[in-house]
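Engineer: Sharing a structure here in structure tokens format.
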């Protein structure tokens, strides 16, 4: 999410699919059997550009791909990787599946909430830098507790490592 401009929920919608972003989407059309098949990449483009996918952005995606807004919203709300509200510049996911929980995931999550200033899951820190969320299984049960910060996968996180890890995310 390097080029992301994280908007606010009450900001007016500016079209996403213009210029280079529209060209990137249109370049995908020949690679897929239908425009509908481009839905997930189109949603990723919106999230990369805005940091989250608003209702007006869902309507824009629907229009560009000739789908209904309800269909697009159904897909966005089905997948947990799409944000339907503004999040911090650094989105932190903590695996809390049973193996990770047995290895201290709750303590890691508590340390992340404390050190980021988020206070609670799903909330964004007052400085807008972080949002912490729990997820089911990041697929690294042998390296508990794994976390993801944006696209960075970090294994074997302990509460003691949290402050040092967060130093790299300004």
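Engineer: Could you go through segment 131-141 and let me know if any residue there is in contact with a strand residue (DSSP E or B) (Cβ under 9 Å, 6 or more places away or on another chain), surrounded by 17 or more Cβ atoms within 10 Å (Cβ to Cβ) and over 24 Å from residue 49 (Cα atoms).
Structural biologist: Taking every residue of segment 131-141 in turn, at least one turns out to be in contact with a strand residue (DSSP E or B) (Cβ under 9 Å, 6 or more places away or on another chain), surrounded by 17 or more Cβ atoms within 10 Å (Cβ to Cβ) and over 24 Å from residue 49 (Cα atoms).
Engineer: Please state which one of 76, 87 is in contact with a helix residue (DSSP H, G or I) (Cβ under 8 Å, 6 or more places away or on another chain) and surrounded by 19 or more Cβ atoms within 10 Å (Cβ to Cβ).
Structural biologist: Details: 87 fails: in contact with a helix residue (DSSP H, G or I) (Cβ under 8 Å, 6 or more places away or on another chain).
So the residue among 76, 87 that is in contact with a helix residue (DSSP H, G or I) (Cβ under 8 Å, 6 or more places away or on another chain) and surrounded by 19 or more Cβ atoms within 10 Å (Cβ to Cβ) is 76.
Engineer: Shifting gears a bit: Given the condition modelled with pLDDT of 95 or more, closer than 16 Å to residue 75 by Cβ and assigned to a loop (DSSP other than H, G, I, E, B), answer yes or no: does some residue in segment 35-51 qualify?
Structural biologist: No, segment 35-51 contains no residue that is modelled with pLDDT of 95 or more, closer than 16 Å to residue 75 by Cβ and assigned to a loop (DSSP other than H, G, I, E, B).
Engineer: Report, ordered by the first and then the second residue, all pairs with beta carbons closer than 7 Å, sequence separation of six or more or different chains, a first member in segment 148-161 that is assigned by TED's automatic domain parsing to the domain that holds residue 116, and a second member that is in a strand (DSSP E or B).
Structural biologist: These pairs meet every condition: 148/93; 149/90; 149/92; 150/90; 150/91; 154/147; 157/147.
Engineer: Looking only at residues in segment 153-162 that are in contact with a helix residue (DSSP H, G or I) (Cβ under 9 Å, 6 or more places away or on another chain) and surrounded by 12 or more Cβ atoms within 10 Å (Cβ to Cβ), which one is nearest to residue 110 (Cα to Cα)?
Structural biologist: Applying the first criterion (in contact with a helix residue (DSSP H, G or I) (Cβ under 9 Å, 6 or more places away or on another chain)) to segment 153-162 yields 154-162.
Going one step further and asking which of them are surrounded by 12 or more Cβ atoms within 10 Å (Cβ to Cβ), we end up with 154-159, 161-162.
Values: 154: 17, 155: 17, 156: 16, 157: 12, 158: 11, 159: 8, 161: 13, 162: 10 Å.
Taking the candidates together, the pick is 159.
Engineer: Which members of segment 12-34 meet the condition of being at negative phi and part of a helix (DSSP H, G or I)?
Structural biologist: Taking segment 12-34 and keeping what is at negative phi, we get 12-18, 20-34.
Listed by number, the residues that qualify are 20, 21, 22, 23, 24, 25, 26, 27, 28, 29, 30, 31.
The values are calculated or read from the model by the stated rules, or taken from the named source; none is laboratory data. Remember, predicted model here, so these are calculated numbers, not experimental data. Cβ sites come from the backbone with ideal geometry, for glycine too, and all protein chains shown count toward neighbours.
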